[in-house]
1. When the Kirkwood radius is taken over all Cα pairs of the chain, what Stokes-Einstein diffusion coefficient follows at 20 °C and 1.002 mPa s, in µm²/s?
2. Which whole-number value in Å² is the accessible area per residue of the chain, probe 1.4 Å?
3. Please identify every one of the chymotrypsin sites (Phe, Trp or Tyr not before Pro) in the range 28-73 that sits in a loop by DSSP and has no more than 14 other beta carbons within 10 Å of its own beta carbon.
4. So who's got an amide H within less than 5 Å of the one on residue 111, skipping anything under 5 residues away but keeping other chains? H placed 1.01 Å off N, in plane.
5. Take the Cα coordinates of the range 82-147, assign each an equal point scatterer, and use the Debye formula without solvent to give log10 I(q)/I(0) at q = 0.15, 0.16, 0.28, 0.29 Å⁻¹.
6. Which lysines have a Cα lying under 19 Å from the Cα of residue 137, excluding residues fewer than 8 positions away in the same chain?
7. Using alpha carbons only, how many angstrom separate the centre of the range 98-143 from the centre of the range 6-71?
8. So, in nm, how far is label residue 56 from label residue 5 when the simple model puts each one 7 Å beyond its Cα toward the Cβ?
Amino acid sequence: MLLTAIRNRIQTEFKNVREVEAGGDYFFMYKDEEKFPFATIVTSDNDFDSVSNLNRGGFYRLNIGIDKATFQHLFASISAKPGIGGYVDSGIDFTKENTLFPHPFYGTMYWVSIVNPTEDSYPQLRGFLDYAYTKAKTNYEKGHSGA
């Protein structure tokens, strides 16, 4: 699935999504939320994260925040260290294409990742995006309800 296709789907399948580009990476926010994206797309390695070897031409990693129960169901057999970067040394091949894995750095916060997903992966990813989007929308509306 091309990067442009996944970006377009997130923009068109969900209402009030704002895409923010920074350094070639993409952050998907609900409305004018500034701090907490519900999904991101990373397109290259940086000093903080190079575990997926994204500097290969045409590679990107889609990252989505999901719920704890689903995350634990998917990855309970993989041990992680607490905190940011908890999955980096877990033995996962973070370069493998079209394979869902815990986010190497934010997996302990229930984020999942996939490098270059295919069309066949999209139904599962859409379910994750639905959850993440709904959570972002709910949090935004709570914070902007005037209460």
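The values are calculated or read from the model by the stated rules, or taken from the named source; none is laboratory data. These numbers come from a predicted model, not from an experiment. Note that each Cβ is placed from the backbone with ideal geometry, even for glycine, and that neighbours are counted across all protein chains shown. Accessible surface is based on the protein model in full, side chains and every heavy atom, while ligands, DNA and RNA are left aside. Shrake-Rupley method; radii C 1.70, N 1.55, O 1.52, S 1.80 Å.
1. Numbers: Rh = 15.6 Å.
Answer, rounded: 137 µm²/s.
2. I get 54 Å² per residue for this part.
3. Listed in order of number, the matching sites are 48.
4. HN-HN under 5 Å from residue 111: 66, 103.
5. Once normalised to I(0) and log-transformed, intensities are -0.60, -0.66, -1.13, -1.16.
6. Residue 137 reaches 15, 31, 35, 68.
7. The range 98-143 and the range 6-71 have Cα centres spaced 9 Å from each other.
8. Distance between the two pseudo-spin positions: 1.8 nm.
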